[in-house]
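Take a look at the structure set out below.
The values are calculated or read from the model by the stated rules, or taken from the named source; none is laboratory data. Bear in mind that the values here come from a model prediction, so they are computed numbers and not experimental data. Note that each Cβ is placed from the backbone with ideal geometry, even for glycine, and that neighbours are counted across all protein chains shown.
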Amino acid sequence: MTTATMDSRSCLLVVDVQYGFMPGGGLPVAGGDAVVPVINRIAPRFANIVLTQDWHPADHVSFAANHPGRQPYETIQLPYGEQVLWPKHCVQGTPDAALHAELQLARAQLIIRKGFHREVDSYSAFVEADRRTTTGLAAYLKARGISSVYLCGLATDYCVNWSALDARAEGFEVTVIEDACRAIDLDGSLARAWADMTAAGVRRIDSLALSNP
Ligand code: VGL
Ligand code: ZN
């Protein structure tokens, strides 16, 4: 099956392809660097491309180091609910927060930064973890007449998953390009993410469906 995407109503959303999520980064994702060539191969199929960039202050609430006695990957209760404590990653302006230099996405039209409020995390590109604060992305896409969002990047079970679910909630048609993503997979989070996305009507495809004209 070939999916025609080079239309003005579709957008490729490239999630958090940053050094912080690469092997050797602050919050390494296994095989994180393998998404780069896949994304470079499919990007020319899209008229619209938007990137996200995880962009935390050094004192961010999601960092285990900012909670004395706590370790990375433990969870704590915050006013908005459960929060996983992560190793320090993607601190604003540091090399760890930079987009991967080998991404060939000069045609990308917007870079949306998220996670910059000290007290609130934001896995989703659309709504922060308090489930109220918007990033503005849904309004931007709608203002540009975009109705279909294709997701790729890192990590499948966190930022891609939350972004896909929120995009569905905002009324977009949503497709995740599975082999253009990699997961963290904490305590079954990847299987849970796919179950939730499937239940929400998120389509799941392989990049070959896009790169074969
Ligand atoms: C992410 C955990 C913390 C992600 C970002 O990009 O999936 N995960 N910050
Ligand atoms: Zn983060």
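Some values worked out for this structure:
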read-out: Hey, Thr198 in contact with a Phe, Trp or Tyr (Cβ under 9 Å, 6 or more places away or on another chain) and more than 14 Å from ligand 2 (Cβ to nearest atom) or not; value: no
read-out: Residue satisfying condition, being buried (at least 20 other Cβ atoms within 10 Å of the Cβ) and of a type outside the set (A, V, I, L, M), within set Ser163, Ser147; value: Ser163
read-out: Elements of type helices (runs of 4 or more DSSP H) in the range 105-213, at least 2 residues being closer than 24 Å to Gln18 by Cα and within 16 Å of ligand 1 (Cβ to nearest atom); value: 161-169, 189-199
read-out: Flag for Pro57 being under 19 Å from the mean Cα position of the chain (by Cα) and within 16 Å of ligand 1 (Cβ to nearest atom); value: yes
read-out: Selection count where residues are within 15 Å of ligand 1 (Cβ to nearest atom) and free of Cβ contacts under 8 Å to residues at least 12 places away in the same chain, scope the range 26-44; value: 1
read-out: Contacts under 9 angstrom Cβ, first residue in the range 199-212 being over 18 Å from Ser163 (Cβ atoms), partner modelled with pLDDT under 90 and surrounded by fewer than 16 Cβ atoms within 10 Å (Cβ to Cβ), 6 or more apart; value: Ala209/Met1; Ala209/Thr2; Ala209/Thr3; Leu210/Thr2; Leu210/Thr3; Asn212/Thr2
read-out: Any hit, the range 24-37, residues being among the hydrophobic types (A, V, I, L, M, F, W, C), more than 16 Å from ligand 2 (Cβ to nearest atom) and more than 30 Å from Leu85 (Cβ to Cβ); value: no
read-out: Residues being loosely packed, with under 15 Cβ neighbours inside 10 Å, more than 13 Å from ligand 1 (Cβ to nearest atom) and β-branched (Val, Ile, Thr) - total across the range 69-104; value: 1
read-out: Subset of the range 18-60 [touching a strand residue (DSSP E or B) at 6+ places or on another chain (Cβ under 9 Å), over 21 Å from Tyr140 (Cα atoms) and part of a loop (DSSP other than H, G, I, E, B)]; value: Met22, Gly25, Gly26, Leu27, Val29, Ala30, Gly31, Pro57, Ala58, His60
read-out: Filtered residues of the range 123-140 (kept if polar (S, T, N, Q), free of Cβ contacts under 8 Å to residues at least 40 places away in the same chain and under 21 Å from Gln77 (Cα atoms)); value: Thr133
read-out: Checking Ser8 against (1) away from ligand 1 (no atom under 13 Å from the Cβ); (2) at pLDDT 95 or above, the condition it does not meet; value: (2)
